[in-house]
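The values are calculated or read from the model by the stated rules, or taken from the named source; none is laboratory data. If you're wondering where the values come from, they're calculated on a predicted model, not measured in any experiment. Here the Cβ positions follow ideal geometry from the backbone for every residue, glycine too, while neighbour counts run over all protein chains shown.
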There are 2 protein chains.
Amino acid sequence: MSSVTGAESLVRSLVACGVDTCFTNPGTSEMHFVAALDRVDGMRCVLALFEGVATGAADGYARMTSRPASTLLHLGPGLANGLASLHNAHRALSPIVNIVGEHGTYHRQHDPPLHADIEGLARVYSSWIKTVESPADTGPAAAAAVAAALVPPGRISTLILPADAAWSESSSHVAGPMPVAGRAKADEARVRDAAACLRKPNAALILNGPMLRTAPLETCGRIAAATGAELLAPTQVPRVERGAGRVFVDRIPYVIDAALKRLQHLEHVVIVNARQPVAFFAYPGKPSLMLPPTCEVLTLADPAEDGIDAIERLADVLGAAGHQPVRESLAFPQLPTGAISLPGIAAVIAALLPEGAIVIDESITSGRALMPTTRTSAPHDWLTNPGGAIGTGLPLAVGAAVACPDRKVVCLESDGSGMYTLQGLWTMAREGLDVVTVLFNNRTYEILKGEFKYVGAGEAGSKARDMLEIGRPNLDWVSLAKGQGVPATRVETLDALARDLRVALAENGPRLIEVMI
Amino acid sequence: MSSVTGAESLVRSLVACGVDTCFTNPGTSEMHFVAALDRVDGMRCVLALFEGVATGAADGYARMTSRPASTLLHLGPGLANGLASLHNAHRALSPIVNIVGEHGTYHRQHDPPLHADIEGLARVYSSWIKTVESPADTGPAAAAAVAAALVPPGRISTLILPADAAWSESSSHVAGPMPVAGRAKADEARVRDAAACLRKPNAALILNGPMLRTAPLETCGRIAAATGAELLAPTQVPRVERGAGRVFVDRIPYVIDAALKRLQHLEHVVIVNARQPVAFFAYPGKPSLMLPPTCEVLTLADPAEDGIDAIERLADVLGAAGHQPVRESLAFPQLPTGAISLPGIAAVIAALLPEGAIVIDESITSGRALMPTTRTSAPHDWLTNPGGAIGTGLPLAVGAAVACPDRKVVCLESDGSGMYTLQGLWTMAREGLDVVTVLFNNRTYEILKGEFKYVGAGEAGSKARDMLEIGRPNLDWVSLAKGQGVPATRVETLDALARDLRVALAENGPRLIEVMI
């Protein structure tokens, strides 16, 4: 067996363990990983110009494939730049394997300028962390990192690779996949209790994670038909399969008063792969938990357990097999014309959304009409932001498009949110990704104007308003896209939106349409 | 005494303790801080569209004022987005007071989507961390945070403010400044030993921090004249006052072989407010410490100690008062013409640099000719990146321009580096900051091509080169600037650069000149 570098062992082992995509922004300490790419087949490396794009893309990739991508990040600051997207991935339960370069093992003691406590930075969102100290350890560590990421319900691993462990050679080449324990199954008593719960009036199933795919939603739809229970999902979910032919699951509203109202009649709730609904923020005089205090709440399967098995058994107990789920019938609005309005934008998107589209939704306030209006559009996936860290849309779109090259990605993004990670547009252009970004330009952190009131801060004065308005100067997204190689147009009527969206959907490759609201 | 919110007590106390500037990107949990801005005089709030701009601006502000600005960041992810710039600030020894919003104290237990271990994220770069639990504590905590930031040599404080501590009222209004211990003085023995060291042949002073200002450099210049010792500074320094009329201090080169060669003759070194020179990265077969192993190294004052007092006493012991320091005479190249070249760009900037300019240098490989060529330009300040986390230029320029509204800021930025924090351009436009950004567009991570070789990774293959080239697609910085409200031009000759730079320097407000290399 000839000797290879630790970096090459690492890349070979990642590939052997099924990791074939790396979202990267490398620096000096990662050059041997980069060099290994030309000696190892099977690893696609996708460059990002900012690390939050790389980690957010890994999140989007994992949501669409249920497999981890790796990231390649430069030392502590590179990881730090990726943390906000890792926050979202952690909440989305996305498996990710971060490879973070580190100074040489003998060099760290001298505290060079880029030295930092990488493990300390990794700890907040990683379930598995290891600093590799020798080249022979890189392969086994890679296999362990992948296995740890695949532990249900999906976790983040961070492997820290000192430069000398990467460049030194050893004869240990490739470590293959390690066994990963499956999801634990709910016991009989829980299934029986859940059945009893759902037979009562004013009952609901609250679903998340793997439950929001077509097949388990069918089963839940049968249960709903058999019992009269409602199907609900959290405000922000990693991914839901919806539209025509699918079983509808209602989203709990974001605004606290609307959420409380939506849930106030519930008396019996069964939770599957989800958690109890919690308000996004604390508001004076409002509760944190949004179900009524008297509501019976039973967890059939927590996020790590086997919810699909559990609802199948639940359906059996309930005799739901003979019931037909209510499936959405294909229906969408006529194309509206005239001046831009939020309902009008939603109608255009609902009418034109192609079958199999992957919709990334970071449209915030501008998009509140979108989910209701697209409910019966052609079948599609809808990805939102379970972590709430703003700036997730463009990176998720990158990852979803890399994961699913044969599907159209529609990224619904806002001006304020998009600015956190606008570098994602460049990666779309570089890779020729089939992403249509619809950019809602309302020139304000509109959501914060509502929040300002909800938290009881009164009327915003002029200095406060300055912190909520981003229209001085206006962001010009056509230029921001053009500057990164993405063709873009600006629309100021619904007719123009429909025209440009139709063109963009018909073509292949990245496009941006800026909608002036 | 009437009741006020905890947020208002906090803002009043920051102002009372001398903090009058806040670089911010707020969210829901920070709305009461924002509301307080209209009830409290004396706090300028500067909005950034990305948190790395806010924390990097606070770094630039601190370097120019020696006072902390505050930042206002949204929960864990907001802090996370600011960490890479805090890495650089930590290395620059810049005092900063971060205010990080947190969920309500009673809300955290429910682990809402944006919940994170904020103290864990803060710990890597903060010397002082406190989560305030009640509104009466916000004022005293603010005063303690400011005092902790001012502990020599300058530190980062992070005050975590739960939403209910911000919105609840108490009668405790304002906490004033707390005493801060001064810098410790070197004892007599150290001064005598340093004098003996510098009287020997092949001696040098290595200077950093407060030593790199005009007055202490004069004293060091007298010592150099009296002893023949060289004056040296680290490769990356927070700020150096240089140019005509100032005493020259030579920069240790970045490239490891050049640095080792530059230092190889040294036998006796005295360090003042600096640390032993360490290689930026580990390279196979090269040492980590860059002074010759046989070199005598004596620390007269560590970065927290009183270096200015120490070198004045050192000058006395050496009888340096009667010696004249060598001051640079004003001289700059004739304006070159013709095709773009790196020496030509440096000559244009050296010729046109206005007196009192604040130069922010993140020009990386494109700018290696800049410091030698501007050595005798009109007197100016030069700020570089002691932390090495890329993406520092535009944020530092924002902070320096806010700190020094009467001075011209010249930001020398690269395409690769600039993309990490390009949102800084928007804040320049929003605030009308007097910053001329010269953007070097070479369409590559050029430095990594060198590093690839230095770390012994051989010749880059096609997949590796893909990770080092960023010219597919080309970044178009004129569009990226225009998209954020900053007027911009592109130049492809030295004549055009000179013309556009002259115009930009003569006007007030932000401008960007993209130089195609």
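This table checks each residue for (1) among the hydrophobic types (A, V, I, L, M, F, W, C); (2) more than 27 Å from residue B:257 (Cα to Cα).
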{"site": "B:412", "(1), (2)": "yes, no"}
{"site": "B:415", "(1), (2)": "no, no"}
{"site": "B:419", "(1), (2)": "yes, yes"}
{"site": "B:441", "(1), (2)": "no, no"}
{"site": "B:449", "(1), (2)": "no, no"}
{"site": "B:484", "(1), (2)": "no, yes"}
{"site": "B:512", "(1), (2)": "yes, yes"}
{"site": "B:515", "(1), (2)": "yes, yes"}
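Which condition does residue B:3 not pass, out of (1) within 22 Å of residue B:134 (Cβ to Cβ); (2) within 9 Å of chain A (Cβ to nearest Cβ); (3) in contact with an Asp or Glu (Cβ under 8 Å, 6 or more places away or on another chain), if it passes all the others?
The failed condition is (2).
Taking the conditions exactly as written (surrounded by fewer than 24 Cβ atoms within 10 Å (Cβ to Cβ) and either in contact with a Leu (Cβ under 6 Å, 6 or more places away or on another chain) or at positive phi (or both)), does residue A:27 satisfy them or not?
no
Being buried (at least 17 other Cβ atoms within 10 Å of the Cβ), out of contact with any strand residue (DSSP E or B) (no Cβ under 6 Å at 6 or more places or on another chain), more than 24 Å from residue B:165 (Cβ to Cβ) and not acidic (Asp, Glu): is that true of residue A:480 here?
Yes; evaluated as a whole, the condition is true for this residue.
Please enumerate the residues belonging to segment A:380-411 that are under 13 Å from the mean Cα position of the chain (by Cα) and not hydrophobic (A, V, I, L, M, F, W, C).
Those that are under 13 Å from the mean Cα position of the chain (by Cα) and not hydrophobic (A, V, I, L, M, F, W, C): A:381, A:384, A:385, A:386, A:387, A:388, A:391, A:392, A:393, A:395, A:399.
Of all residues in segment B:50-76, which are among the charged types (D, E, K, R) and within 14 Å of chain A (Cβ to nearest Cβ)?
Passing the criteria: B:51, B:59.
When you look at residue B:296, is it within 25 Å of residue B:360 (Cα to Cα), charged (D, E, K, R) and in contact (Cβ under 8 Å) with a residue 24 or more places away in the chain, yes or no?
no
Yes or no: residue B:129 within 14 Å of chain A (Cβ to nearest Cβ) and touching a Lys or Arg at 6+ places or on another chain (Cβ under 7 Å)?
yes
Specify the residue that is farthest from the other protein chains (Cβ to nearest Cβ); the eligible residues are those in segment A:252-287 that are among the hydrophobic types (A, V, I, L, M, F, W, C) and touching a His at 6+ places or on another chain (Cβ under 9 Å).
A:279
Among the listed residues A:251, A:222, A:239, identify the single one that is more than 25 Å from residue A:289 (Cα to Cα) and not assigned by TED's automatic domain parsing to the domain that holds residue A:94.
A:222
From the residues in segment B:269-317 that are of a type in the set (Ser, Thr, Tyr) and buried (at least 16 other Cβ atoms within 10 Å of the Cβ), which one is nearest to residue B:259 (Cα to Cα)?
B:288
Residues that are touching a residue at least 12 places away in the same chain (Cβ under 8 Å), farther than 22 Å from residue B:250 by Cα and surrounded by fewer than 24 Cβ atoms within 10 Å (Cβ to Cβ): does segment B:327-334 have at least one?
The answer is yes; a qualifying residue exists.
Given the criteria of a type outside the set (Ser, Thr, Tyr), crowded, with 24+ Cβ neighbours inside 10 Å and in a strand (DSSP E or B), does residue A:81 qualify?
Judged against the criteria, residue A:81 is not a match.
Taking residue B:355 as meeting all but one of (1) under 18 Å from the mean Cα position of the chain (by Cα); (2) modelled with pLDDT of 95 or more; (3) at negative phi, write down the number of the exception.
(1)
Listed residues A:443, A:375, A:465; which is within 30 Å of residue A:329 (Cβ to Cβ) and surrounded by fewer than 20 Cβ atoms within 10 Å (Cβ to Cβ)?
Only one candidate qualifies: A:375.
Residues A:118, A:96: which one is surrounded by 24 or more Cβ atoms within 10 Å (Cβ to Cβ), hydrophobic (A, V, I, L, M, F, W, C) and touching a Pro at 6+ places or on another chain (Cβ under 6 Å)?
The unique qualifying residue is A:96.
Go through the residues of segment B:293-303 one by one and say whether even a single one is modelled with pLDDT of 95 or more and under 30 Å from residue B:377 (Cα atoms).
Yes: one or more hits.
Let's see how each residue does on (1) among the aliphatic types (A, V, I, L, M); (2) farther than 27 Å from residue B:108 by Cα; (3) more than 26 Å from the chain's Cα centre (by Cα); (4) assigned to a loop (DSSP other than H, G, I, E, B):
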| position | (1), (2), (3), (4) |
| --- | --- |
| A:285 | no, no, yes, yes |
| A:292 | no, no, yes, yes |
| A:314 | yes, yes, yes, no |
| A:324 | no, yes, yes, yes |
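For segment B:11-58, how many residues meet the condition of being among the acidic types (Asp, Glu) and either part of a helix (DSSP H, G or I) or under 22 Å from residue A:471 (Cα atoms) (or both)?
Residues that pass the stated criteria total 3.
Conditions: (1) of a type in the set (Asp, Glu); (2) without any contact (Cβ under 8 Å) to a residue 12 or more places away in the chain; (3) under 17 Å from residue A:274 (Cα atoms). Residue A:305 meets all but one. Number of the miss?
All conditions are met except number (2).
Find the residue count for segment B:80-116, including only residues that are within 21 Å of residue B:399 (Cβ to Cβ) and either under 17 Å from the mean Cα position of the chain (by Cα) or within 9 Å of chain A (Cβ to nearest Cβ) (or both).
Residues meeting the conditions: 19.
Looking at residue B:157, is it of a type in the set (S, T, N, Q) and touching a strand residue (DSSP E or B) at 6+ places or on another chain (Cβ under 8 Å)?
Yes; evaluated as a whole, the condition is true for this residue.
Could you go through segment B:461-474 and let me know if any residue there is at the interface with chain A (Cβ under 10 Å from one of its Cβ atoms), within 30 Å of residue A:487 (Cβ to Cβ), among the hydroxyl-bearing types (Ser, Thr, Tyr) and outside any strand (DSSP E or B).
Checking segment B:461-474: at least one residue is at the interface with chain A (Cβ under 10 Å from one of its Cβ atoms), within 30 Å of residue A:487 (Cβ to Cβ), among the hydroxyl-bearing types (Ser, Thr, Tyr) and outside any strand (DSSP E or B).
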